[in-house]
Amino acid sequence: MERNKNTLEEIKETTEDTFREMERIMYRPREALKRFSTLFLLLVTAGAVLVFFGFERVFDKITLLHDNPVLMIIAGLVILVFTGQLYKRLS
């Protein structure tokens with residue numbers, strides 16, 4: 001029984017030490033995000049815009065979608081419904 005108690009105490013100490021170390025490691029990124037929040041916002045916005053414009057240019061090169069915007073809307077809706085159903089089933 002004494003051995004089990006010592007083992008449990010060691011596990012508890014190790015878990016607490018690990019948690020403290022993770023908190024220490026995560027402090028720097030949080031502090032950088034607080035300090036440079038505008039810069040991060042601009043970088044994330046620029047990245048999202050570039051991805052959206054990239055997708056737009058790729059889809060614009062597909063002549064079937066370029067010539068039929070209604071087909072593009074239908075394809076987009078089908079993809080959204082599919083991913084929504086997939087998300088529901090996986091969670």
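The values are calculated or read from the model by the stated rules, or taken from the named source; none is laboratory data. Small disclaimer: the values here were computed from a predicted structure and weren't measured.
The table for this structure:
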read-out: Yes/no for Leu33 being aliphatic (A, V, I, L, M), at pLDDT 85 or above and in a helix (DSSP H, G or I); value: no
read-out: Residues of segment 73-91 that turn out to be modelled with pLDDT under 90 and assigned to a helix (DSSP H, G or I), as a count; value: 4
